[in-house]
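Here is the structure we will look at, set down as structure tokens.
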Amino acid sequence: MLMKSFRKKYPPNFVIGAVITVVMLLLILMSFFYTPYDITKMDSASKLAAPSFRHLMGCDNFGRDIFSRVLKGMENTFVIAFLTVVIGTAGGVLIGAFTGYFGGWLDEVLMRIIDVVFAFPSILLALVFVSIFGTGRYNVVAALGVAFIPSFARIVRSEFIKYREMDYVKSAQLAGVGRLRIIFVHILPNTFTVLMSSIMIGFNNAVLAEAGMSYLGIGVQPPDASLGSMLSESQTYLFSAPWYAVFPGLMIILLVLGFSLLADGIKA
Amino acid sequence: MLLEIKDLSIEFHDHDVPERVVHDVSFSLAEGEILGIVGESGSGKSMTAMAIAGLLKRHDVEKKGTILFEGTELLHASRAQLRKVQGNDIGIIFQEPMTSLNPVKRIGWQVEESLRIHRPDMSKEERRHRAITALSDVELPNPEQVYKKYPHELSGGMRQRVMIASAMICEPKLLIADEPTTALDVTIQLQIVKLLQRLNKEKKMAVLFISHDLSLVKRLCDRIIVMHNGDLVEQGSAQEIFENPKECYTKELIDAIPRLEKLV
Amino acid sequence: MKYGLKKFVTMLITILCISFLVYLAFDVIPGDAALAALGTDVEPERLAALREEMGLNRPFLERYFDWLLSFVTGDFGTSYKYNLPVADMIVSKLPVTVIMALISFIIMTAVSLPVGIYTAKHSGGRIDRVITVVNQIMMSVPHFFMGIIITYVFGMVFKLFTPGGFVSYETDIAGFLSYIIFPCIAIALPKIAMSVKLLRGSCVGEAKKDYVRTAYSKGNNTNKVLYRHVLKNAMIPVITLWGMMLADMLVGSIVIEQVFNIPGIGRILLTSISYRDYPVVEAIIVLIAFVVVVTNFCVDIIYGIIDPRINVGAE
């Protein structure tokens, strides 16, 4: 009976997603303080060593411990994706809230610009950014963050357009509540559910975009570890050391999968 | 008898507790007759209509009793058997004219649809001719133009007329009207009721008119059935029900009608 | 046709905006054609003279329109690095990238349409549940990792193609296609998952609508209801997604080109970025953006054809 009501409340997808996400987050948290090996320590004796108890995921072509590097790479990916979503959400909420609430010419102009940026695939925008400002993690964050603003702005804007016509907002206006207060206290909390699901989707897209960029060599720079650049390196040794490719790839998949299952569960 | 319903019971099993929506309902409908079913929402009147039209969900529904249409059992008939009757002998119109038409298909295409299904030999021109006649039958102005339009280009009242036209295109013997006027303005409501009345007379088509609006039912129907909580409370001629209601639920319903006459 | 005209004008304005922003972005960064030609340790006088000669001292807007005008006539400028016309560098590579994106798109639509319809029709069934799980996992796989998996499985284990053995379409069309199909599958697979999910959800959502009940009441069978009524409505959001995906695939093939060692637009773009060869980067970015915007325009037009409500409404 208890089991049944638990299952009803938390569908299996949600539970699996939550478990994966929690495990991943714990690993990432751990990587801030501890990795089994120094991620830059090379050991020529264990070049491309297969997974073993000493090296859980084996070693790369420099004899560096893949598990440690995967942990650090996940941390980098997570931090970059997190900051990207923060910038995207903050920018999107500000633009979306003001354009949606006030409308008018400001709305017209800003939305045209948003449309133009939106028409631009985010990786391409990030490439422009990187080619102008150079590579590196903060440039990636800035590039992806800006690229993510339009999608958030559109969602928040349409929510604000919906809410600004509602009676409770009208009565707040009549009662003389300040505009900023109406925007941030009366309306914004109501957009939370919609915003939350797009934040989770955005996070996943950011993870995938970051991985793609570091795969192309324009994200986090070596010798620092990133899942994308590990995958790029691993390709040379794909035949002799397939595990080098498998583990970083698997971690990206798990990170995204956990979050998307969780997001689906929350939505339902 | 055109339609005979005996001991109809419908139960839903899609929640933890089975929900009984119709319980042991029996009534009949003669050819060319207009029968009204009244009751508040949740009284089971719409479910009864859906059962007759063969539109009950397949899963999680337990149905008992019989529905005889011209002597053929419909309630437990196969989907294939049902389809031969649907749109051909029985037409139905629904409460929401705004959403009951397919938004991406032209009016003409939708009106003709039953003909395409049930009269596959009919030529394209003949179908078109019939559809336009049907559209003018339901008193739509410029039927030729309406034929080419999309649902969103018409008002609610016009859409309900289109629904009637498409339900009647195969000249069915029974038209089920499930709260056809509820979503419409009061003036339009009256027009639709008058239209149904006229079509009933001209086409000799029986009408099962389902509504919660007693005053409309009184205006239109020969006989009335009162339903409450899935039970058939009372049935009789319109005059009997209104002048001499036997059950106190019926009396309450009648008293609840806001009536101008009372004030005047 | 007012709607189409409006969308066309919007498209032109968008292209203009993008080209302006890109030109502006590359204009404000330090380094220009004169500097690139002479190198950094040159006397300021010679630099200034060359700048004057190359017209780099003219007002920004004048230079922009000049650049735009030559861009539309097919003159994309000169590469700093190779001192070659950018157009010549791109023209031979563009077909590879475009063909890859198109094949991926065809694979995606050809697979996701039947699978999406099947799962919608049998939603809740066993196969549907399996496909839903597979979808969920597919969507989490970055397409370049998909590429690596495909390289390993089909290239190294089954030896269906030689990893890194790209054949140019100019020399051997069949060889080119049989190589290119694998990167295309890598691009398409995650997209198939997304579009199956959307199509299924859209069909199931539409099937609950009132007009479906009306269709059944006329004596339609399930297939007729699905194909004649539900599908067209359900396709509306899918078309939007597909439009965005076509653009995504074009950009995605930049990454996939690296995985499969294919000399396409992506390769030039990445090397140009690392050499700071701005005219090339600029030209490719504007060109891709142009294709993306034109694609969006086509989607809008298809949208207008499928959904009659769009043509008449204010928006």
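The values are calculated or read from the model by the stated rules, or taken from the named source; none is laboratory data. Just so it is clear, the structure is predicted and the values come from calculations on it, not from any experiment. As a convention, Cβ positions derive from the backbone with ideal geometry for all residues, glycine included, and neighbour counts pool all protein chains shown. Just so you know, the surface numbers come from the protein's heavy atoms only, side chains and all, with ligands and any DNA or RNA stripped out. Shrake-Rupley method; radii C 1.70, N 1.55, O 1.52, S 1.80 Å.
The figures follow:
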quantity: Chain lengthening between residue B:78 and residue B:257 when straightened (0.36 nm per residue, less Cα-Cα); calculated: 60.3 nm
quantity: Long-range HN-HN contacts of residue A:37 with modeled amide H, under 5 Å; calculated: A:68
quantity: Charge dipole of chain C about the Cα centre (unit charges at C-beta), most positive-ward option of C:205, C:220, C:139; calculated: C:220
quantity: Cα centroid of segment B:185-218 to Cα centroid of segment B:58-80, whole Å; calculated: 27 Å
quantity: With DNA, RNA and ligands ignored, accessible area of residue A:239 (1.4 Å probe; Å², nearest 10); calculated: 130 Å²
quantity: Three-way shape label, chain C, alpha-carbon gyration tensor, a/c 1.5; calculated: oblate
quantity: Estimated inter-spin distance, residue B:155 and residue B:243, nm [label 7 Å along Cα→Cβ]; calculated: 3.8 nm
quantity: Over segment B:125-264, relative contact order from alpha-carbon pairs under 8 Å, at least 6 apart, %; calculated: 15 percent
quantity: Share of carbon and sulfur in the accessible heavy-atom surface of chain B [1.4 Å probe, %]; calculated: 49 percent
quantity: Assigned charges on the beta-carbon of Lys, Arg, Asp, Glu; segment B:7-98 dipole about Cα centre (debye); calculated: 320 debye
quantity: Built amide H within the under 5 Å cut-off of residue B:234, gap 5+; calculated: B:226
quantity: Extension reserve of the residue B:60-residue B:11 stretch, reckoned as 0.36 nm per residue once the Cα distance is removed; calculated: 16.8 nm
quantity: Segment B:196-264 shape via C-alpha gyration tensor axes, a/c threshold 1.5; calculated: oblate
quantity: Relative contact order %, chain C, counting alpha carbon pairs below 8 Å whose residues are six or more apart; calculated: 27 percent
quantity: Rounded to whole Hz, the Karplus (6.51, -1.76, 1.60) HN-Hα couplings of segment C:168-174, x for glycine and proline; calculated: 5, 5, 6, 8, 8, 4, 5
quantity: Ellipsoid equivalent to segment C:139-234 - semi-axes via the Cα gyration tensor, in Å; calculated: 43, 16, 10
quantity: Residue-wise HN-Hα coupling along segment B:40-50, computed from phi with Karplus coefficients 6.51, -1.76, 1.60 (Hz; x: Gly, Pro); calculated: 6, 5, x, 7, x, 5, 5, 5, 4, 4, 4
quantity: For segment A:160-165, 3J(HN,Hα) per residue [Karplus equation, 6.51 cos²θ - 1.76 cosθ + 1.60, θ = phi - 60°, Hz, x = Gly/Pro]; calculated: 5, 4, 5, 6, 5, 8
quantity: Where B:23, B:76 fall by accessible area, highest first, once all protein chains stay in place (1.4 Å); calculated: B:76, B:23
quantity: Computed helical MRE - 222 nm, chain C, DSSP H runs ≥ 4 contributing -39500 (n - 2.57), nearest 500; calculated: -24500 deg cm²/dmol
quantity: Cβ-defined net charge surrounding residue B:138, 15 Å radius [Lys, Arg +1; Asp, Glu -1]; calculated: +2
quantity: Residue A:168-residue A:197 FRET efficiency (beta carbon distance; Förster radius 35 Å; 0.05 resolution); calculated: 0.90
quantity: Per-q log10 I(q)/I(0), segment C:95-263, q = 0.09, 0.17 Å⁻¹ (Debye; single scatterer per alpha-carbon; no solvent); calculated: -0.37, -0.98
quantity: Net +/- balance of residues flanking residue C:80 in space, Cβ distance below 9 Å, scoring K and R +1, D and E -1; calculated: +1
quantity: Cα-projected label distance for residue C:56 with residue A:239, points at 7 Å along beta-carbon direction, nm; calculated: 4.7 nm
quantity: Three-way shape call for chain B based on the alpha-carbon gyration tensor, with the a/c threshold at 1.5; calculated: oblate
quantity: Estimated distance in nm for a label pair at residue A:52 and residue A:15, the labels positioned 7 Å out from Cα along Cα-to-Cβ; calculated: 3.9 nm
quantity: Residues with amide H under 5 Å from that of residue B:42, placed H, sequence gap 5 or more; calculated: none
quantity: Contact order relative to length of chain A, as percent, for alpha carbon pairs under 8 angstrom and 6 or more apart; calculated: 28 percent
quantity: Buried solvent-accessible surface, both chains (C, A), 1.4 Å probe, Å² to nearest 100; calculated: 3200 Å²
quantity: Summed residue charge, Cβ within 12 Å of residue C:35's Cβ, Lys/Arg positive, Asp/Glu negative; calculated: +1
quantity: Of B:149/B:218; A:267/C:2; B:148/C:191; A:267/C:218; B:63/B:105; B:84/C:209, those spanning more than 29 Å from alpha-carbon to alpha-carbon; calculated: B:149/B:218; A:267/C:2; B:148/C:191; A:267/C:218; B:63/B:105
quantity: Cα point-scatterer Debye curve for the protein assembly as shown, base-10 log of I(q)/I(0) at q = 0.06, 0.07, 0.08, 0.10 Å⁻¹; calculated: -0.55, -0.71, -0.88, -1.17
